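Just below is one structure, and these are the notes that go with it.
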Amino acid sequence: MCRRLIIGSEGQLGTELSRFLSNKYDSDSIILTDIREESKSELIYHKLDAINYKELELIVKRYDIEEIYHLAAILSAKGEENPKMTWDLNMTSLFNVLELAKNKIVKKVFWPSSISVFGNTSPKNNTNQFCVMEPDTIYGISKLSGERWCEYYNIKYGTDIRSLRFPGIISYNTLPGGGTTDYAVEIFYSYIRKENYKCFLKKDTLLPMLFIDDAIESIDKIMTVNRNKLSIKSSYNLSGFSVSPDMISNILIEKDPSFIVSFKPDFRQDIADSWPNSINDDHAKKDWGWVAKFDLDKTVNSMVKNLKIKI
Ligand SMILES: NC(=O)c1ccc[n+]([C@@H]2O[C@H](COP(=O)([O-])OP(=O)(O)OC[C@H]3O[C@@H](n4cnc5c(N)ncnc54)[C@H](O)[C@@H]3O)[C@@H](O)[C@H]2O)c1
């Protein structure tokens, strides 16, 4: 039985991925870890600081883990509050996992990168897989460095590290953990609670986004495709749809004209301005058949429907 370990299982992506993997595979074969005391899930859980190699290796060996999904990180907005800590966590934890793969203790790794690898000097529209990349945040710097290391390990050591550059992820089960695209989740909570929403980005800030179901499907797809098909050894551009705060708020106001959204940009505006408006994901389409199923309308409908049930 192939056992799979999730690092950072209690976050926005981890809670959904653990549910998905435990439905797809034997639930006893999915092991969860996070820095938090407890898990919200019923699956096997261990508190683990991802920068502690010894403890990580102990868990990996104890459960004979074959695949690691490494999701622990400090994200873009939170990262700017403590750049050194962000660098330490994002890089050390990745190295720990890369070393486990290099030493053949695990067979396969998933590690997400992000559109934060692009910066002010990158092309804005339909941003290509290969272009100028000068990230402006410590989060982006850590992700771009991580990508280079993943490619290095894959080529030099023959490891099987697979990676996607996620855009902002929109989900309803778990709140996002401190990114620049968090508004695209928060606005739905305010709408359902019948509260006014104050958006921290300008209304016309266009950013690439992905609905959570598509994000999980993309992880499943890239982790199960034949390795020979993966021509990108660092991290694949991935796209869902592009949206601005007023595009979402206009749809919600049309549903309920009493919903009020105001715009008061803060430090996150500069981060958002340095990122692409839209992403070209032709390599993912060509190499492993990536197609996003959720556009803006489908995402809004699913968010409203599911949050009405949840709240
Ligand atoms: N959510 C997005 O919009 C988005 C976009 C692009 C890339 N990503 C990437 O996807 C991954 C998961 O993101 P997320 O949105 O789920 O983040 P999140 O902040 O919601 O979750 C991260 C989890 O990591 C845990 N964690 C923090 N420090 C830890 C440590 N020292 N040891 C172990 N666990 C620790 C946190 O407790 C949290 O549960 C990250 O690598 C992130 O960079 C996310």
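The residue of segment 192-206 that is nearest to Arg268 (Cα to Cα), among those that are touching a helix residue (DSSP H, G or I) at 6+ places or on another chain (Cβ under 7 Å) and not in a loop (DSSP other than H, G, I, E, B), is Cys199.
Note on segment 112-127: residues that are surrounded by 16 or more Cβ atoms within 10 Å (Cβ to Cβ) and among the polar types (S, T, N, Q) total 5.
Table: residues versus (1) among the β-branched types (Val, Ile, Thr); (2) closer than 15 Å to Ile187 by Cα; (3) in a helix (DSSP H, G or I); (4) touching a Cys at 6+ places or on another chain (Cβ under 7 Å).
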{"site": "Ile251", "(1), (2), (3), (4)": "yes, yes, yes, no"}
{"site": "Pro257", "(1), (2), (3), (4)": "no, yes, no, no"}
{"site": "Asp266", "(1), (2), (3), (4)": "no, no, no, no"}
{"site": "Asp287", "(1), (2), (3), (4)": "no, no, yes, no"}
{"site": "Val291", "(1), (2), (3), (4)": "yes, no, no, no"}
{"site": "Asn301", "(1), (2), (3), (4)": "no, yes, yes, no"}
{"site": "Lys305", "(1), (2), (3), (4)": "no, yes, yes, no"}
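When Val300, Val304 are checked against the criterion of being surrounded by 16 or more Cβ atoms within 10 Å (Cβ to Cβ), at pLDDT 95 or above, within 16 Å of Ile169 (Cα to Cα) and within 20 Å of the chain's Cα centre (by Cα), Val300 stands alone in meeting it.
Taking residues in segment 92-109 that are closer than 15 Å to Glu147 by Cα, and partners anywhere that are within 16 Å of the ligand (Cβ to nearest atom) and part of a helix (DSSP H, G or I), the pairs with Cβ atoms closer than 7 Å and at least 6 places apart or on different chains are Leu94/Gly146; Leu94/Trp149; Asn96/Tyr53; Asn96/Leu56; Leu98/Trp149; Val109/Val97.
Among all positions in segment 109-123, there is at least one residue which is of a type in the set (Gly, Ala, Ser) and under 22 Å from Asn228 (Cα atoms). Looking at Glu147, is it more than 16 Å from the ligand (Cβ to nearest atom), part of a helix (DSSP H, G or I) and out of contact with any Phe, Trp or Tyr (no Cβ under 7 Å at 6 or more places or on another chain)? Spelling it out, it is not the case that Glu147 is more than 16 Å from the ligand (Cβ to nearest atom), part of a helix (DSSP H, G or I) and out of contact with any Phe, Trp or Tyr (no Cβ under 7 Å at 6 or more places or on another chain). For segment 152-166, check the following and say yes or no: at least one residue is modelled with pLDDT under 95, outside any strand (DSSP E or B) and surrounded by fewer than 19 Cβ atoms within 10 Å (Cβ to Cβ). No, the conditions are met nowhere in segment 152-166. Out of curiosity, is Thr180 in the same structural domain as Trp288 (by TED's automatic domain parsing), touching a Lys or Arg at 6+ places or on another chain (Cβ under 7 Å) and of a type in the set (S, T, N, Q)? Answer is yes for this residue.
Met1 falls short on exactly one of the conditions (1) out of contact with any His (no Cβ under 7 Å at 6 or more places or on another chain); (2) at pLDDT 95 or above; (3) not hydroxyl-bearing (Ser, Thr, Tyr), and that condition is (2). Restricting the search to helices (runs of 4 or more DSSP H) fully inside segment 1-118 and requiring at least 1 residues that are farther than 28 Å from Pro276 by Cα and within 13 Å of the ligand (Cβ to nearest atom) gives 12-24, 53-62, 83-102.
Restricting attention to segment 110-146, the residues that are free of Cβ contacts under 8 Å to residues at least 40 places away in the same chain and among the β-branched types (Val, Ile, Thr) total 2. Of all the numbered requirements in (1) at negative phi; (2) touching a strand residue (DSSP E or B) at 6+ places or on another chain (Cβ under 9 Å); (3) buried (at least 20 other Cβ atoms within 10 Å of the Cβ), Asn90 misses one, and that requirement is (2). Being assigned by TED's automatic domain parsing to the domain that holds Trp149, surrounded by fewer than 23 Cβ atoms within 10 Å (Cβ to Cβ), farther than 19 Å from Ile115 by Cα and in contact (Cβ under 8 Å) with a residue 24 or more places away in the chain holds for only one residue in Asp220, Asp246, Asp256, and it is Asp220. Residues that are part of a helix (DSSP H, G or I), over 20 Å from Trp290 (Cα atoms) and either touching a Cys at 6+ places or on another chain (Cβ under 7 Å) or within 16 Å of the ligand (Cβ to nearest atom) (or both) are absent from segment 223-241 altogether. The residue pairs whose first member lies in segment 1-13 and is touching a residue at least 60 places away in the same chain (Cβ under 8 Å), whose second member is outside any strand (DSSP E or B) and acidic (Asp, Glu), and whose beta carbons are closer than 8 Å, counting only pairs six or more residues apart or on different chains, are Arg3/Asp64.
The values are calculated or read from the model by the stated rules, or taken from the named source; none is laboratory data. Since the model is a prediction, treat every value here as computed from it, not as a measurement. Note that each Cβ is placed from the backbone with ideal geometry, even for glycine, and that neighbours are counted across all protein chains shown.
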